[in-house]
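What follows is one structure encoded as structure tokens, with my remarks underneath.
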Amino acid sequence: MPVAARRNVFTMSILQNALNSASEEMFRVTARTAKSPIIYDVLDFSTALTDPNGDVIAQAVAIPVFIGMLDFNVKNVVAHYGGPEAFQPGDIIITNNPYISGTHLNDVALIMPIFFGDRLVAFALSKGHWNDIGGMSFGSWGPGRTEIYQEGLQIPPCKLFSAGKQNTDLVAVILANSRLPDMCLGDLEAQLAGLRVGAVRVNRLIEKYSLDTYFDTVSYTLESGSELALKRLQKLPHGRFEAQDALDEGGPDDQPLPVHVVVDISEEEFRVDFSGNPPQLPFSLNTTYPAAVAAVRVVYMALLDPHARYNQGFVRPLKVIAPEGTIFNALPPAPVSVYWEAMTYAADLVWKALAPFARERLGAGHFLSIVSDIVAGVDDRTGEPFALVEPNPGGWGASHDQDGESGLVSFADGETFASSVEVLETRYPLLVDQYSFNTDEGTGHGKYRGGFGIVKDYRLLNSSALFTTDINRSIIPPWGMEQGMPGTPNYILLSSAAQPPQRVRKIAAQKLGQNDVISIRTGSGGGWGNPLERNPAHVLDDVRNGLISPVVARDVYAVVIRKGLWEVDEAATEALRAERKGRQSPS
């Protein structure tokens, strides 16, 4: 008998939403109690609840790629211990093994089995970025690593708590390996607080609705998620779709590294195949299988139903193939600390393959890279170590019917925020000299133009600091659609009084001095459509708003602006456009 026939669907819907609310409360409690700005200000973490099998049944609206891999965390940890019977009330497991949990060593997962009486009913989990977990340099991640042992402390699945008793020796080992032990301890306790809230809420819901209703709701959630996904699959184009691209590095003689994907969509399956991609690299751009799957799940959700609540049932029709030992499924001891670069390409390939056929949901290419950076050292004011670690926003691609968004974080960090200037200047020894749209670099022009990246200038007030970054889409820009122009690149300028500006995209622990400036320049999104088809009124608006110059309006869009009146010279524009279109026509 179907679940819905045995129980009241309205009751199950209420309980389903209550479980989602519980996961959101876990998220808010963690954010409010965390010690690091990357947790409480940027929100670089996620929380969720799973069933006893590790299937996600409720999750907070948080960083998308973390959400898409949380089931791997639970299932692999349960398998490590030999099954669910290995756990008892009061246990909490900790791990940061990227091959098990995805991402990199900085992202620490905590998993709590939830019991109702003596019965295992759920797992609560939290995965968050810790600013330093040891390794070669401050912040742990970065270029220059050739194996994971150089990237920080590896924590295999371990019981942080056994039957409610904390493993204090394990905590001591973790803190001894971090340059920021107070931050690690504060964020650990915040994640634990979130888990405990989840456990309390699940138990209260079972007390209110009964154990049978709870498990019926779990089944109903997964089944309805799967049913909804299959319905949405009917509306997608069916067939085989392919795309090629290249990372900025990794090929012979440090040339761009070609990557590709094949996507097969039918009424019952969404199959993504990364077979034939390059072997894992001897540097940190590799990603693990859970992260590659999570990245694809983000695009899959965007295509099928961007407003659906994520649960494991919804992704049942999705199959991801990534052969072991490749950049999309790296194996130990491959370095993976900058995993997000290959991971974002995994998603962008699927995006690029389907954008021409899913115009209502997918735009042109965006700046893609997380454009993350580390500014770290010892604060002259306090004598205490500090580490600013952050993602940076950039420009998104245009759609078939509107311009791209400006100043948004990459799809992978979707629900995170850009760091607040007030927090930056309060917590770290620096000033933000400038924070603006990156209009000087231009954008991906088109009938609809790409969104703009940002310029953010940090002036170091400290006597010294170390700077690290590792960026892609710095050489090969975001792609345009239907004659839309490519976007612009990501890069960073390092400036000092002693030498001219140094343009970098990949650098590890570069020493900086007082008054040196770090200028973060993120790229713009690709354009959609022929620029000559852009509405002149929209071109005029961009000129008035300082986004493009009158020269760009004329040279790219064939729109002549009369600067004195800030009007379009319609006659001159019509003549210029006719001339340009004549040149483009075949002879």
Restricting to the range 266-304, name every residue that is part of a loop (DSSP other than H, G, I, E, B) and over 16 Å from residue 102 (Cβ atoms).
266, 267, 268, 269, 275, 276, 277, 278, 281, 282, 283
Being free of Cβ contacts under 8 Å to residues at least 60 places away in the same chain and among the aliphatic types (A, V, I, L, M) is the filter here; which residues of the range 389-410 pass it?
408, 409
Counting just the residues of the range 531-558 that are of a type in the set (A, V, I, L, M, F, W, C) and more than 13 Å from residue 445 (Cα to Cα), which one comes out surrounded by the most Cβ atoms within 10 Å (Cβ to Cβ)?
543
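On the basis of being touching a strand residue (DSSP E or B) at 6+ places or on another chain (Cβ under 9 Å), over 23 Å from residue 174 (Cα atoms), of a type in the set (Val, Ile, Thr) and touching a residue at least 12 places away in the same chain (Cβ under 8 Å), does residue 93 make the cut? Give the derivation first.
Working: touching a strand residue (DSSP E or B) at 6+ places or on another chain (Cβ under 9 Å): yes; over 23 Å from residue 174 (Cα atoms): no; of a type in the set (Val, Ile, Thr): yes; touching a residue at least 12 places away in the same chain (Cβ under 8 Å): yes.
No; evaluated as a whole, the condition is false for this residue.
Would you mind stating whether residue 449 is among the basic types (Lys, Arg) and under 23 Å from residue 40 (Cβ atoms)? Spell out how you get there, then give the answer.
Numbers: among the basic types (Lys, Arg): yes; under 23 Å from residue 40 (Cβ atoms): no.
It is false that residue 449 is among the basic types (Lys, Arg) and under 23 Å from residue 40 (Cβ atoms).
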Complete set of residues in the range 252-274 that are in contact (Cβ under 8 Å) with a residue 12 or more places away in the chain, surrounded by fewer than 18 Cβ atoms within 10 Å (Cβ to Cβ) and over 23 Å from the mean Cα position of the chain (by Cα)
264, 266, 267, 268, 269
Inspect all residues belonging to the range 342-361 and state whether any of them is crowded, with 24+ Cβ neighbours inside 10 Å, touching a residue at least 60 places away in the same chain (Cβ under 8 Å), in a loop (DSSP other than H, G, I, E, B) and among the small types (Gly, Ala, Ser).
no
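Specify which of the listed residues (44, 91) is surrounded by fewer than 20 Cβ atoms within 10 Å (Cβ to Cβ), in the same structural domain as residue 112 (by TED's automatic domain parsing) and touching a Pro at 6+ places or on another chain (Cβ under 8 Å).
The match here is 91.
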So which of 314, 283 ends up being among the aromatic types (Phe, Trp, Tyr) and surrounded by 24 or more Cβ atoms within 10 Å (Cβ to Cβ)?
314
Failed item, numbered, when residue 369 is tested on (1) free of Cβ contacts under 8 Å to residues at least 24 places away in the same chain; (2) in contact with a helix residue (DSSP H, G or I) (Cβ under 8 Å, 6 or more places away or on another chain); (3) among the hydroxyl-bearing types (Ser, Thr, Tyr)
(1)
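The values are calculated or read from the model by the stated rules, or taken from the named source; none is laboratory data. Here the structure is a predicted model, which is why all the values come from computation and not from measurement. Cβ atoms come from the backbone with ideal geometry, glycine included; neighbour counts cover every protein chain shown.
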